[in-house]
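Below is one structure, written out as structure tokens; the observations come after it.
Just so it is clear, none of the values below were taken in a lab; they were calculated from the coordinates. Everything numeric in this text was worked out from a predicted model, so none of it was measured. All Cβ positions, even for glycine, are placed from backbone atoms using ideal geometry, and neighbour counts span all protein chains on display.
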Amino acid sequence: MPAAKALAEVDHFEPVKPSKEPIDFVKLRTLDFSKYNDGPEARKELASIVRDAMTTKGFFTLINHGISEEEITRQVDIGHTILKRTPPEEKLRLKAQILEKGSYPGFKLRGLWNVGSDAKDRIENFNVYRVMSQNEQPRALEPYRHEIQDFIDFIHKDILKKLLTLFALALELADEDYFVNAHSYEGHDESWLRYMEYEAHHDDRDSGGKTLWLNGHKDFPALSLLFSQPMTTLQVRDEHDEDSWKYVAHTPGAIIVNAGEIMSWWTGDYFKAAIHRVVEPPRDQMGHDRSSVFYFTVPNDDVVINTLLDQSPVLREAGVAMAYAPEDAPTSKQWCNARVKLTGQSKQAANGKTGTVVEKVIGNVTTAWFK
Ligand SMILES: O=C(O)CCC(=O)C(=O)O
Ligand SMILES: [Fe+2]
């Protein structure tokens, strides 16, 4: 990423020290972008890693993606500063229209979502579209506007473009640019950058089991990019190991990539939208806030999402079924707005395969939540 010039001052967020406790980590594949420009064979190899990761765990670790650790730290600090310096009245005025419109830009205040059966979340988010002028931004953001824009633009135009090309290669799509064109930078869509802070639960020390911080769920976008952070809290449910929850390891400077429901529909569930959740950290990391940065990508508003059987010999060979009858397939915008409204609103959660599945139907689309 091109280096920024003189940087405006921030309130530094001091991340927690890595845990020393023994932890059962999920084994994720590593995708190394330093090989991306080494020619067609190297790209094919990277695409085969994407295919393997997506058909098994649904998550992988991306390294050498072009954003340095310092730049990630800087973005965490920017998010922390915006959340810290924006007064409550301004947060309320610039509140994200989540329940009203199913749209994320603005502040998500604490306590909007249910966690488990009788708790509310302790998460604050500040979300931004790539067209930042589309929404009024908080005063505290102004000193960082260009840095945030450069960060989003590099993710969307460089990292996402490479990732989506590899996803197309992994499926041997007739049109290698299909996913890239569906995420045209110039088009409009609901993709968003998220600064997210989990408030420490100071009462956790006395609790026996692990307290949930965010219910189990599948992400709804096409891809989710999580800038790796050191608090051991994110768990993925391993379908291949009796649905057990395993922690995602922190890799300094890496991006943890996972697919959402849009990608699973495109591929007739050949690529997994893995179920994941956030729980309290190990004892030696308790009592500390967590601050992180995410980029969630969805296709342009009018893209109709359905399984790419016609385009992909890999999907035909895998014998997957179409996700929807043609007349039932949702557009990106219909799906996103409807799904965002439902996030965290159910008081129940399901155990998945073995328990009752708590489902919500949106038009012809069904989505579910998990413990
Ligand atoms: O905070 C995390 O590590 C994961 C958050 C998450 O799953 C989400 O925002 O969809
Ligand atoms: Fe998620």
Can you report the number of residues in the range 1-45 which are surrounded by 11 or more Cβ atoms within 10 Å (Cβ to Cβ), over 21 Å from the mean Cα position of the chain (by Cα), not in a loop (DSSP other than H, G, I, E, B) and not charged (D, E, K, R)? 2
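Tally time: how many residues in the range 147-167 are without any contact (Cβ under 8 Å) to a residue 60 or more places away in the chain and surrounded by fewer than 21 Cβ atoms within 10 Å (Cβ to Cβ)?
Count: 4.
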For the range 138-148, indicate whether the set of residues that are among the aromatic types (Phe, Trp, Tyr) and touching a helix residue (DSSP H, G or I) at 6+ places or on another chain (Cβ under 6 Å) is non-empty. yes
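Yes/no matrix, rows are residues, columns are (1) closer than 26 Å to residue 189 by Cα; (2) among the aliphatic types (A, V, I, L, M):
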{"site": "39", "(1), (2)": "no, no"}
{"site": "53", "(1), (2)": "no, yes"}
{"site": "59", "(1), (2)": "yes, no"}
{"site": "81", "(1), (2)": "no, no"}
{"site": "85", "(1), (2)": "no, no"}
{"site": "96", "(1), (2)": "yes, yes"}
Hey, among the residues in the range 58-74 that are more than 10 Å from residue 10 (Cα to Cα) and in a helix (DSSP H, G or I), which one's nearest to the chain's Cα centre (by Cα)? 72
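Looking only at residues in the range 263-274 that are touching a strand residue (DSSP E or B) at 6+ places or on another chain (Cβ under 7 Å) and in a loop (DSSP other than H, G, I, E, B), which one is farthest from residue 290 (Cα to Cα)?
So the residue we want is 271.
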Please enumerate the residues belonging to the range 238-295 that are within 12 Å of ligand 2 (Cβ to nearest atom), more than 19 Å from residue 228 (Cβ to Cβ) and not acidic (Asp, Glu). 273, 275
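Based on this model, can you work out whether residue 47 counts as among the small types (Gly, Ala, Ser) and in contact with a helix residue (DSSP H, G or I) (Cβ under 6 Å, 6 or more places away or on another chain)?
Answer is yes for this residue.
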Give the residue, chosen from 129, 104, 144, that is touching a Pro at 6+ places or on another chain (Cβ under 6 Å) and buried (at least 16 other Cβ atoms within 10 Å of the Cβ). 129
Can you pull out the strands (runs of 3 or more DSSP E) entirely within the range 150-262 that have at least 3 residues that are within 11 Å of ligand 1 (Cβ to nearest atom)? 192-198, 212-217, 223-227, 234-238
Can you tell me which residues in the range 314-345 are within 26 Å of the chain's Cα centre (by Cα), among the small types (Gly, Ala, Ser) and surrounded by fewer than 17 Cβ atoms within 10 Å (Cβ to Cβ)? 321
